[in-house]
Number of protein chains: 4
Amino acid sequence: MNQQTTWPHHELGKELSNWGRWGDDDEIGTLNFVTADKRVRAAQLVKTGKNFDLGMPFDKDGPFPSGGFRINPVHVMTFMPSDTASSPDGMISADDMVTMGLQSATQWDSLAHVGYDGFFYNNVPARALNHMAGATRNSFARAVEHLISRGVLLDIARLKGVDRLEDSYEITPDDLSAAEARQGVRVESGDILLVRTGFYQWFLEGDRGHFMGNEPGPGLDCCRWLYEREVAALALDNWACEVWPSQIKGANIPFHQVAIRDIGLTLGEMFNLEALAADCERDGTWEFFFCAPGLKVTGSVGSPITPMALK
Amino acid sequence: MNQQTTWPHHELGKELSNWGRWGDDDEIGTLNFVTADKRVRAAQLVKTGKNFDLGMPFDKDGPFPSGGFRINPVHVMTFMPSDTASSPDGMISADDMVTMGLQSATQWDSLAHVGYDGFFYNNVPARALNHMAGATRNSFARAVEHLISRGVLLDIARLKGVDRLEDSYEITPDDLSAAEARQGVRVESGDILLVRTGFYQWFLEGDRGHFMGNEPGPGLDCCRWLYEREVAALALDNWACEVWPSQIKGANIPFHQVAIRDIGLTLGEMFNLEALAADCERDGTWEFFFCAPGLKVTGSVGSPITPMALK
Amino acid sequence: MNQQTTWPHHELGKELSNWGRWGDDDEIGTLNFVTADKRVRAAQLVKTGKNFDLGMPFDKDGPFPSGGFRINPVHVMTFMPSDTASSPDGMISADDMVTMGLQSATQWDSLAHVGYDGFFYNNVPARALNHMAGATRNSFARAVEHLISRGVLLDIARLKGVDRLEDSYEITPDDLSAAEARQGVRVESGDILLVRTGFYQWFLEGDRGHFMGNEPGPGLDCCRWLYEREVAALALDNWACEVWPSQIKGANIPFHQVAIRDIGLTLGEMFNLEALAADCERDGTWEFFFCAPGLKVTGSVGSPITPMALK
Amino acid sequence: MNQQTTWPHHELGKELSNWGRWGDDDEIGTLNFVTADKRVRAAQLVKTGKNFDLGMPFDKDGPFPSGGFRINPVHVMTFMPSDTASSPDGMISADDMVTMGLQSATQWDSLAHVGYDGFFYNNVPARALNHMAGATRNSFARAVEHLISRGVLLDIARLKGVDRLEDSYEITPDDLSAAEARQGVRVESGDILLVRTGFYQWFLEGDRGHFMGNEPGPGLDCCRWLYEREVAALALDNWACEVWPSQIKGANIPFHQVAIRDIGLTLGEMFNLEALAADCERDGTWEFFFCAPGLKVTGSVGSPITPMALK
């Protein structure tokens, strides 16, 4: 692999690198911005007690097409009331099991998910991942406890006055700033930022093909904005958290590369922001307490989640 | 199945039944006690921003013995940096998958997990569970958004002045009240109650056999206490959330039967309460913001979780 | 469940019942027809050494639609050459894992697969199946060693002079006899009978929807023919081994019910008979040595197989 | 990786290499020795029709320890008689699913399983394996149809006059020749050779720890013997098909390396040879028809099997 690359996203990555910022052993990147004080202030945002479930159901009707890269969750019953013949007191019970991609449906991508030139975030070599132990560095298991903070939602679809953004629309830094201005909110250090494209509606309408296709999302230029604002984690209501296909010829998910590997930014995908955004538009409050700790799977690269927002 | 049973736990269950209390269609039972107002007050407990991860790691070294009822989580890498030959820009990535019981390690039991005499909570017949759809009633998917509330920890081991309770020690209602008195805290309507036995230390010390064996835990008599206090959910630091083996001859997990089926109480198991309890003992504060939303798996009977407590 | 049924297939089942024929403990039904002598004579059919693989590949591109009843096999690599850093001598290795329905793709249905009125073959009650142990009676594990015998192929598509039979064409006993006459072969006691409809070509052409749809296959009337000929096992080149949809209103897979439960006939599905049939047509020899032992999974209901025919 | 190695097993591998022998595209190695003529002569060995199941059951009580490299098969019921409420005619059915290593229990190792210095058999680079497609070269799927041939059993335990060989006993070429002499049989080109150590008895006696430990098996020197005799495939009644631990310091499974990568020899493991060997000793016939086609899983590295021997 060629370290002397001149790819524009790699140039940008070098500029925005957080490697070493929190020590050579750091495995959570910008989640370091979520301080104890931040959690206190996030909790103070809970004023009415309204809660919003931002998760996609985990089931066989999930977004992935048959024969593709990832499978939809396979849920099976492993014990059933009919198995209780041996209970003298009539006890019945049920148990179940799931086989699922840890990046199935609504999910976090850890800092072991994407890198380039042989390295992941914070100088972690590709060989830090192996099949026996999974991700021995940058595992999602390190991130779990840090995914509670102030959440801010920026609604780019509403900014543009549309139901949902066009396929492959590239969200720009100006869009993010304009959304802040329209909404009267400001993204601050340690926030978990949710960006709405409206694209999730394709999934709700049952058009998985469209949903999993050419999606609107942040372009590479947003990386600097996110870096400067010290965003702790970013999540979108689409499948790849960035504009698809890539706007840079020959570059595969360049936003992921810079965001995850260089900035150390945990990314969230397939968040259902519909109800939350409607409520925020109604009450004018675009900040909330956000939690989505996920599962502490040892050596994991990502985690399925059912994120919650409280206002 | 004989509806005319005279089993003592079933008699008690009839007395403490919450069936119909929140309507005939209710599927979440005592989680109804978690009101919007409750969430607001829970959030106000976040004062220092300290956070505590109460979860067991999900991995092959989990608590279940080989050849037994449930398997420990099987985590496999499904994509690796070595697969990226087709990326002209040197992008590398990784993906992973898990096969796991939904009641693996730290978990919630939903109201579809245990019943008796052919019925689960709120008059749901056994046939409401099937293999195609899982639990069509009382699924954990209904409970997800309600598992955020005020948490209270009662430390029975510290009450008794021991490192950990003896095997098969039966926790009584008096123990719960005495722990409240010692700690200066009171369990209120809508709380998520965590009860510490210290038994989790067997797991931490690597003695899975002991941990999965004859455990201390609440006896049947605690049901009335939990009912009267309107506890929303109960979790322990052991594997079955109740004293084992059963103190009633011929009755299999009688506490589960009454708590889950009659009271409609969601139960949590294998919570790591060690660090949290030590901190509470230190600062004298036994209440906190608690969240453990889990995964919205359609038709699921339980959910793996990494619960968080914030003070 | 009503034992006094007057369903025509159940009437026929009573007439053709093999219950008790090989003892009350028998779990393999008509596979009892495969005697040691039968195996000797089957082996004598190997004259040129030509071998034919009758299996469908097991992979994610299998026949099952997304979100349906069964999943296609999920094959994952669990160890890879990149994991061998610790081998001083440069050893590399790979390992893999599969999650699959035991009735995925080419398969046998055991005598625990289908029954009616609460019973499976040979008076085995439904409760003989449970989640801890699977099928404690009639498991496929009992059948494994018996699935080697003389194979005979009857080509109904060629009989009718068509490339493939029409959708939902019902194969009759007369068709079977006519195919024997045309081909100059006779089905005898202990044979494993393969019946070709040509429907497999839909799968080969990539039209999974058509392949998994309204298929031609044996109608209920064929049961008597199969019973009288003492066929040991029957396999087809379609997904359900019988005409679909059912020709009896209200009856679900009636042929399966009688064949498996009453006659005790092991059924095979999704066999690729294209090359074998072409060869048989060419050389006029429609009998061969057949083996498809499958996997001895304890308590299993079926087995994936890659069947082989030798001539 | 250093191509200029001076490891003794790699030196031997160079000498015994079959790379290119059957063309640059060959993916099955010594299975090429199984000719049509060979199959005809193998079939002629079926004289009494006795059949022997050489497989280990696939279930949760398999040989692998908890928390280790591979899991034992996980078998779950995915449909049960209790799910048939919608069948007007009382039809009941069951379906099941398995999650298992393809090298679980009795199995074949394909030519994509082990290599060294970055290459597998026949100059296949490590990168021919990837996570999306598995083994794109040397997959077990290529081997399936060739695993039917004459089988010969050499009983080294009986040769030595012991119940089972000692732990870590190294079987030598002289042992193989002496067993031939004692038994009056000769291993010929295209044979599938089964070698009995008696070690399987540890498994039968429930001592999985011993069975999975320091096993007797062929040493590196046997490679030349196997090469010269043109053995098509080799299988043993232990877990690794070679003496363990390695008799060459620093070399990990050197026999595998030479046998699989250089000779192109498919290896079988965990064959239950007890009953077959006893029968051979009784009747003095150590040759038989052997078939173990396994599963045609696309891109697979190995296959679970239930092998059969017919005499």
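The values are calculated or read from the model by the stated rules, or taken from the named source; none is laboratory data. Note that the structure is predicted; figures quoted are calculated from it, not measured. Counting neighbours? That spans all protein chains shown, and the Cβs are built from the backbone with ideal geometry, glycine included.
For this structure, a couple of remarks:
- Subset of the range B:13-25 (residues that are in a helix (DSSP H, G or I) and more than 25 Å from B:GLN107 (Cβ to Cβ)): B:LYS14, B:GLU15
- Residue count for the range C:77-93, restricted to those that are among the hydrophobic types (A, V, I, L, M, F, W, C), crowded, with 17+ Cβ neighbours inside 10 Å and more than 7 Å from chain D (Cβ to nearest Cβ): 1
- Scan of the range C:19-44 for residues that are buried (at least 18 other Cβ atoms within 10 Å of the Cβ), aliphatic (A, V, I, L, M) and under 27 Å from D:THR35 (Cβ atoms), ordered by number: C:ALA42, C:ALA43
- Residue ID - surrounded by the most Cβ atoms within 10 Å (Cβ to Cβ), chosen from residues in the range D:244-301 that are among the basic types (Lys, Arg) and over 30 Å from C:ASN72 (Cβ atoms): D:ARG261
- There is no residue in the range A:59-76 that is part of a loop (DSSP other than H, G, I, E, B), within 19 Å of B:VAL124 (Cα to Cα) and more than 8 Å from chain B (Cβ to nearest Cβ).
- Among the conditions (1) within 14 Å of chain C (Cβ to nearest Cβ); (2) over 27 Å from C:GLN107 (Cα atoms); (3) among the small types (Gly, Ala, Ser), the only one that D:ALA157 does not satisfy is (1).
- Close pairs (6 angstrom Cβ cut-off, 6 or more residues apart or separate chains): at the interface with chain B (Cβ under 9 Å from one of its Cβ atoms) and within 11 Å of B:HIS75 (Cβ to Cβ) in the range A:134-148, of a type in the set (D, E, K, R) and crowded, with 24+ Cβ neighbours inside 10 Å anywhere: A:ALA141/A:LYS296
- Residue count, the range A:242-260 (criterion: within 13 Å of another protein chain (Cβ to nearest Cβ), among the β-branched types (Val, Ile, Thr) and out of contact with any helix residue (DSSP H, G or I) (no Cβ under 7 Å at 6 or more places or on another chain)): 1
- Positions within the range C:284-311 being part of a loop (DSSP other than H, G, I, E, B), at the interface with chain D (Cβ under 7 Å from one of its Cβ atoms) and over 13 Å from the mean Cα position of the chain (by Cα), in sequence order: C:LEU295, C:LYS296, C:THR298, C:GLY299, C:SER300
- Applying the criterion of being within 18 Å of D:GLY68 (Cα to Cα) and touching a strand residue (DSSP E or B) at 6+ places or on another chain (Cβ under 6 Å) to the residues of the range B:64-87, the residue that is modelled with the lowest pLDDT is B:ARG70.
- Total residues in the range D:26-54, condition more than 7 Å from chain C (Cβ to nearest Cβ), acidic (Asp, Glu) and either free of Cβ contacts under 8 Å to residues at least 60 places away in the same chain or not in a loop (DSSP other than H, G, I, E, B) (or both): 0
- Of residues in the range D:237-260 being in a helix (DSSP H, G or I) and in contact with a Phe, Trp or Tyr (Cβ under 7 Å, 6 or more places away or on another chain), the one farthest from D:LEU54 (Cα to Cα): D:GLN257
- Some residue of the range D:261-274 being part of a strand (DSSP E or B), within 30 Å of C:SER104 (Cβ to Cβ) and more than 14 Å from chain C (Cβ to nearest Cβ): yes
- Hits in the range B:152-198 - residues which are touching a residue at least 40 places away in the same chain (Cβ under 8 Å), small (Gly, Ala, Ser) and crowded, with 19+ Cβ neighbours inside 10 Å: B:ALA157, B:GLY190, B:GLY198
- C:THR197 being within 27 Å of C:ALA105 (Cβ to Cβ) and among the hydroxyl-bearing types (Ser, Thr, Tyr): yes
- Residue list for the range B:255-311, filter: touching a residue at least 12 places away in the same chain (Cβ under 8 Å) and of a type in the set (Lys, Arg): B:ARG261, B:LYS296, B:LYS311
- Of all residues in the range A:97-112, those that are within 7 Å of chain B (Cβ to nearest Cβ) and either among the small types (Gly, Ala, Ser) or under 10 Å from the mean Cα position of the chain (by Cα) (or both) total 3.
- Breaking point among (1) charged (D, E, K, R); (2) farther than 20 Å from C:PRO57 by Cα; (3) modelled with pLDDT of 95 or more, for C:GLU205: (2)
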